[in-house]
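Worksheet for the structure shown next.
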Amino acid sequence: MDLSDALNWPSDDNKSQGGGMWPGAASGPAWPGGQPQPQPSQPSSGGGMWGNTNNPSCPSAPGSNNPATAAHGNMRVPHEQRLANGIQGKVITITGTVNSNPNKLTVDLMAGRDLAFHFNPRFKDESEGKVTVMNSCLGQQWGPEERDRQHFPFTPGQPFTIKIRCTSHGFNVQVNNRDLPTFKHRTDPKSINTLRIYNDVSLSWVNVD
């Protein structure tokens with residue numbers, strides 16, 4: 001049984017649809033990591049069916065509320081952490097290990113119901129294999145995906161360290177001391193109030209400094 005079954009989440013492993021069904025949507029993923037190809041009747045903005053404002057608001061991953069700025073040890077996944085003072089000018093450090101047979105891992109920075117930054121390395125993307133996808137979901141609409149195939153520093157079964165620095169310009173991401181492309185801000189970073197980490201990882205440390 002996988003994690004989505006254990007927590008009764010909609011599954012996002014159905015590659016023919018790009019993910020499980022979200023209640024009320026004609027089709028589309030429950031999670032942002034598996035956006036389907038847009039239907040012919042809908043123009044693509046990089047977010048597939050999620051670009052339709054008739055669909056639900058940006059998805060949220062259930063997790064354990066943790067108001068602390070640092071956590072250590074064997075941590076629950078999904079992990080949710082409140083960011084009482086925002087993250088502008090701060091660095092988020094995440095250490096853990098990729099599962100032995102991963103599909104994806106996800107780090108989300110939420111601003112209320114909006115998804116300000118979605119960091120989604122995929123090991124088994126439907127069309128491209130290993131690819132890192134970054135995006136946002138604002139006002140119930142997915143923005144254009146930013147895909148990076150040249151930098152994929154994750155290895156199944158191996159440890160990792162992710163550092164996300166929030167600057168005035170955007171999010172600078174570094175994995176295992178390798179820089180990834182910067183994701184420019186699409187909303188006010190001062191409104192970010194929640195960190196979420198989920199999918200195919202185990203976590204050992206999360207720190208916001």
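Each value in this text was obtained by applying a stated rule to the coordinates, not by laboratory testing. All figures in this text were calculated on a predicted structure; none of them were measured in a lab. FYI the Cβ positions are ideal-geometry reconstructions off the backbone, even for glycines, and counts take in every protein chain you see.
Counting neighbouring Cβ atoms within 10 Å and putting the fewest first, the residues W142, W205 line up as W205, W142. Give K124/K184; K163/K184; K104/K163; K130/K190 a once-over and call out the pairs whose C-alpha atoms are over 23 Å from each other. The pairs that break the limit, which is 23 Å between Cα atoms, are K124/K184; K130/K190.
Between Q88 and D148, the simple spin-label model (points 7 angstrom out along Cα→Cβ) gives 2.4 nm. In terms of other Cβ atoms within 10 Å, F152, F171 run from fewest to most in the order F152, F171. Based on the convex hull around the alpha carbon atoms, segment 74-209 presents an average projected area of 7.7 nm².
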